[in-house]
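The values are calculated or read from the model by the stated rules, or taken from the named source; none is laboratory data. Since the model is a prediction, treat every value here as computed from it, not as a measurement. Cβ atoms come from the backbone with ideal geometry, glycine included; neighbour counts cover every protein chain shown. Keep in mind that these areas ignore ligands, DNA and RNA; they rest on the heavy atoms of the full protein, side chains included. Shrake-Rupley method; radii C 1.70, N 1.55, O 1.52, S 1.80 Å.
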Amino acid sequence: MTEPGQIPEQPYGPGEFTGPGEFGPAEYGPADHGSAGYGSAGFGGPGWNSSGPQRPRRFTPRFVAIAVAVAVVVLAAVVTAVVSPGSGHSASAASGPTGTNHSAQPGSGGTGGTGDGKSGGKGTNQQYPVVPDSIVHAAEASGKAVNITIDDGPDPVWTPKVLAVLKQHGVHATFCMIGPQARDNPSLVREVVAAGHRLCDHTVHHDEGMDKKSVAYQQSEIRDAQQMIETASGGARVYYYRAPGGAFTPASRAFAAQHGMRPLGWNVDTEDYQRKGVSTIVNTVKYEIGNGPTILFHDGGGDRSQTVAALDQTLTWLQQQGYAFSFPQVG
C-alpha cells in the first residue's frame, strides 16, 4: 500500500510470465534447412559441380511445349485460388496462439463459421470479434472514471448482495466468473447480464500457476470457461479474460483475444478476500486509486460480508470525489 497521492513505479497490475517454455514445445520448432535448399549438391544446382561450369543442355521443341502447358495449368490454379471466396482466412483465425496479428478490428475475423458473437453452446462454429491481446486497464469513459471488477463468482449468497449495492449506487461492473460457478448458477449469470453488467472469463479451476503449464492446458481453461459462461448467460458476450493471480502468458492472451475476450488486469487490489476489515478495504482504494482506474473486489470464494459493506462505502467515496463509472476498454 502506498501513501496517498503517491504513484508506485509499476502501477499497472499483474505482470506475466515470460520465461522459457511459455509457448509450449511445439510453437517455435527448429528451423528446417532441408536438402532442397542446402543439400550436398551445394548452392549451384544443375549446371554446376566441383569440376567447374558445365555446358548448358539444349531443350527440344517437345520439352518446351510440355513446360508451357504445365505453366498454364499452374497459373490457372493460382488464379482460381485467389478469386475463390473464403480462401483460407478462417483457418488462420482459428489456429490459436501461433498467429502474430491479434489486434484486428472487431468483426474482422474469428474462429470460423457464422454468428453474431453472442450465441452460446459449444461454440465450435462461433465467430468472435478479434480484439487486442494486450492487458487492458484503461476505462472506456474519458476523464475521471474507474472500472469496478468483481471476481470468483457467481455465488448464490454474495452475488445478489453485490448486485444490490451496485444497483443502489447506479453503477455497472464487470463480473469475472469461474466457469463451473457460472454453470451451476445460470439464473445469477442472467441476472448480472440483465442488470447491464459485463461478463469476464476467469477460467475453470482458478489455477494461479497456469502460466507454468502447457499451452493446451491454458487454452482449455479459457475456452471451457467461456463456453460455460456463454451457455449459462443465454448467449451473452464474454468481453474479457482475466488470468487468476495475473498468470497471463503471450499464448493465453492471444488465444483469449482470438475468442473475442480482451485480457483484463487491475490497478487496485483491495485484498478483500483476506478479510482484514471493512475500513482496511476502503482505505486500500483511497490510497491506491492513483495507480489506475481498475479496482478489484470478490463475490466468491468465501464469506464476503466485508466486501459488500466495503463496496458500498467505496462507491459512496468515489462518487463524492467526482469519479464516473465505466467498463474497461475492449477494442
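I want the local charge near residue 255. Using Cβ-Cβ distances under 9 Å, sum +1 for each Lys or Arg and -1 for each Asp or Glu among the other residues.
Here the charged neighbours net out to +1.
Each label point is 7 Å from the Cα along the Cα-to-Cβ direction; what then is the distance between the points at residue 194 and residue 157, in nm?
Between residue 194 and residue 157, the simple spin-label model gives 2.4 nm.
Calculate the FRET efficiency for residue 216 and residue 303 from the Cβ-Cβ distance with a Förster distance of 51 Å, rounded to the nearest 0.05.
It comes to 0.90.
When the accessible area of region 155-275 is split by element with a 1.4 Å probe, what percent falls to carbon and sulfur?
Values: 1970 of 4040 Å².
The computed percentage sits at 49.
What is the set of long-range amide H partners of residue 325 at a cut-off below 5 Å, with H atoms built 1.01 Å from backbone N?
Those qualifying (amide H under 5 Å, at least 5 residues apart or on another chain) are 146.
For the pair residue 287/residue 205, report the inter-label distance in nm, with labels modelled 7 Å from Cα in the Cβ direction.
3.5 nm
Taking 0.36 nm per residue of separation and subtracting the Cα-Cα distance, what length does fully extending residue 321 through residue 279 add?
Full-extension gain reported as 13.4 nm.
Given a 1.4 angstrom probe, what's the average accessible area per residue across region 140-216, in square angstrom?
41 Å²
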